[in-house]
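See below for the structure under consideration.
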Amino acid sequence: MANSVEAHHGEHEHHYPGFFTRWFCSTNHKDIGTLYLWVAMIAAIIGGVMSWYIRAELAEPGLQLISNDPEGRQFYNVLVTGHGFIMVFFVVMPAMIGGFGNWFVPLMIGAPDMAFPRMNNISFWLLAAGFILLLIAAFIDGGPGTGWTVYPPLSSADFHPGRAVDFGILSLHVAGASSILGAINFIVTIFNMRAPGMTIHRMPLFVWAMLITAFLLLLALPVLAGGLTMLLTDRNFGTSFFDPGQGGDPVLWQHLFWFFGHPEVYIIILPAFGIISQIVSTFSKKPVFGYLGMAYAMAAIGVVGFVVWAHHMYTVGFDVNTRAYFTAATMVIAVPTGVKIFSWLATMWGGSIRMEVPMMYAVAFIFLFVVGGVTGITLANSSADLVFHDTYYVVAHFHYVMGIAAILGMFAGWYYWIGKMSGRQYPETLSRLQFWLFFIGVNVLFFPQHFSGFAGMPRRIPDYPDAYAPYNYISSIGALITAVGTLLFFVVLWRTYAAGTRVGANPWGEGATTLEWSVDSPAPWHTHEDLPDMAGKAPAE
Amino acid sequence: MASLQTRNRRIAISLVTLVVGMLGLAYASVPLYELFCRVTGYGGTPKIKIAGAPVKKSNGTIEVRFDANTNKALQWHFKPVQVKQTVKLGEPSLAFYRVKNTSANLLTGTAIFNVTPFKAASYFSKIDCFCFVEQTLKPGQEIDMPVEFFVDPEIFSDPKTQEISAITLSYTFYPVERDEDNVDRTLSRKSGSNDEIDS
Ligand code: HEM
Ligand SMILES: [Cu+2]
């Protein structure tokens, strides 16, 4: 506390409003960030339990847990769908954007709060409402068994006649509106509310990541919203956008979905890129190598990400030129991605590295992301993808590059910032154990899926021939280890709040140069009310 | 300089415009996509040349195969009369499909169509086809329906389509839903679950 530049903030302590006003009507960026993190953690438990149930079913050939009838198989499909939706829309996005974004973007750019605090509150409650709608969807009319891609005709009224898919669509609409409002808030905040001297080219890379993510959200989500509305009217009001019997085309849905869907994977991973950049720099005690290259690499990934969508639909029968284009365009993304990987390595190179838990997670992130990137290049080849499409090879690929990588980025950010958020440090030994369990778990879980996928095992199917049994058994053991690692995280969380050692403004020392480390820990309710002056300072990272 | 609040509003409004614009683009993609498919033969959309007259004659021949499908909700029996034909390039040919209403109701259907390989579509033209209009069949009624088409000889000049030796013309009949038609949709809904896995 002694080295805090804002020591006078202690006096705001007694301004905390009552419980209801503070947590239900909150307009404070830190409280809203905390709310988002809690929702993400609750959703992670639900989405996680769904995936462990799937893995338990897949541990052996034959049907053990689900019943061997259409209802049972529909239930399996609902689990897969629910897991995908929850992890993407209600775990990673809320934690990264709503949670860490709300907490740290204002702190890092020296702003007292977000530009539109009330709208921030609306964003949060829309997200909560979206989540509840999705849970309702799972319990009515057999649930939505469409996969997170919601392809018609499976998602049409012919094959999902009940209300489940309509509730799912509504859920995504509401969650999408939440994200759009949030994105507008971030862009305005970052454009207009930087402290004097905090020029665009001095912003920490996490802020850059959030800015680009926000633009991707604004460009991609309305297209999903449009497509979903067409699906909704096809199902209920007699339009036929995707119904070939009335002159529509289901492939149009795939174009619309993936025009959103591919940028969506960058929406998920760019914030993690930002977090990893902060952490690698902090624990190497060096500014990030090639700061501007890092920032513009993210921008390039964002731009090119909008013209590669059809690599998800090579099997619909494109002609050879179209496939050649989408293969080439997809591979182009490897260039800015490579810039990022090599810059992180170059930052570590010759740095004074401290392997604290956040840094262990950052290195693990880079490892997983590279593995997933390599299989991504494989899948980008349209001719190869015709064979890999809808196999477990794809499941392994996207969990490495997006799903698990994002979770590692979230853990990295949590361990990095928990001192700032709670004023207490995580328990060291338990946290290291948590890291190793989770890291080993996810690799044992997903690495074998490359092989079962290579051998042709299809995804989204609850049963398989005996030939695939060994890989699936190993994979399910990995899921068990991952589950234990996840459980241990909640123990770490509890021990941190219950018995963590108290930390000062900057527990990480010299390497941590960004503005959030200049305010007290836990960060007081109001921060940066006197704007810090960054004039003449070096780029934050 | 304008107050922070005004400047914030200004940016927010332009961002909202961006969102609305993207939403508009999503809807604009529907007619654009249809136009694109029709012009390029994308996704196997054949050309329609009601005016007829083939471009030029040639001695080359190509095999045309005929395929028929019926949506489960329509109780019709639908089959090609001939499985395949060898046709002269550039010359109009006639083929027939036979359809029978196996239900006890008056039913109306409409057929959608495409050709495979998709890349052959821009060289496959229909002059006349039963699929251009809706078909209504009385209970138990059976009819033969014609399709008149030709294959453009240019198909053998294009390096991308040179190697094609057979084109498949495929139709799927769907019910045209009117309230009087009491089409049994629940039938198809029930069979919707994935019955491919049986263990
Ligand atoms: C806790 C660790 C996780 C486990 C054990 C797990 C397991 C699974 C399994 C078994 C499937 C079904 C594969 C299939 O049958 O096709 C699946 C699908 C999926 N997972 Fe995960 N997953 C985990 C974490 C994540 C995370 C963190 C994300 C995203 C951020 C994610 C996103 C998805 C998506 C999008 C699908 C595809 C759903 C669909 O096919 O529609 N998963 N996962
Ligand atoms: Cu993609």
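The values are calculated or read from the model by the stated rules, or taken from the named source; none is laboratory data. Model, not experiment: these values are computed from the prediction. Please note: Cβ atoms are built from the backbone with ideal geometry, for glycine as well, and neighbour counts cover all protein chains shown. Surface accessibility is based on the protein's heavy atoms, side chains included, excluding ligands, DNA and RNA. Shrake-Rupley method; radii C 1.70, N 1.55, O 1.52, S 1.80 Å.
Tabulated data
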| quantity | calculated |
| --- | --- |
| Among residues of the stretch A:406-447, those that are farther than 16 Å from A:Thr486 by Cα and open to solvent by less than 10 Å² (accessible area, probe 1.4 Å), counted | 6 |
| Residues of the stretch A:231-266 classified as under 32 Å from the mean Cα position of the chain (by Cα) and either within 16 Å of ligand 1 (Cβ to nearest atom) or of a type outside the set (S, T, N, Q) (or both), total | 24 |
| Single residue of A:Val320, A:Val339, A:Val303 found to be more than 16 Å from ligand 1 (Cβ to nearest atom), open to solvent by 50 Å² or more (accessible area, probe 1.4 Å) and modelled with pLDDT under 95 | A:Val320 |
| Any hit, the stretch A:265-286, residues being within 16 Å of ligand 2 (Cβ to nearest atom) and open to solvent by 20 Å² or more (accessible area, probe 1.4 Å) | yes |
| Hits in the stretch A:186-210 (condition: under 19 Å from A:Val92 (Cβ atoms) and either of a type in the set (S, T, N, Q) or within 12 Å of another protein chain (Cβ to nearest Cβ) (or both)) | A:Phe186 |
| Residue match in the stretch A:341-355 (condition: under 29 Å from B:Arg38 (Cα atoms) and not hydroxyl-bearing (Ser, Thr, Tyr)) | no |
| Check on A:Ala384, among the small types (Gly, Ala, Ser), open to solvent by less than 20 Å² (accessible area, probe 1.4 Å) and in a helix (DSSP H, G or I) | no |
| The stretch A:303-349, subset farther than 13 Å from A:Leu379 by Cβ and in a loop (DSSP other than H, G, I, E, B), residue farthest from ligand 2 (Cβ to nearest atom) | A:Trp349 |
| Of the criteria (1) touching a Phe, Trp or Tyr at 6+ places or on another chain (Cβ under 8 Å); (2) within 16 Å of ligand 2 (Cβ to nearest atom), which one A:Phe241 fails | (2) |
| Residue that is modelled with the highest pLDDT, among those in the stretch A:125-184 that are charged (D, E, K, R) and under 22 Å from A:Gln246 (Cα atoms) | A:Asp166 |
| B:Ile112 away from chain A (no Cβ under 14 Å) and in contact with a strand residue (DSSP E or B) (Cβ under 8 Å, 6 or more places away or on another chain) | no |
| Some residue of the stretch A:357-366 being more than 21 Å from A:Met410 (Cα to Cα) and either more than 14 Å from chain B (Cβ to nearest Cβ) or within 16 Å of ligand 1 (Cβ to nearest atom) (or both) | no |
| Residues within the stretch A:469-485 that are aromatic (Phe, Trp, Tyr) and buried (at least 21 other Cβ atoms within 10 Å of the Cβ), tallied | 1 |
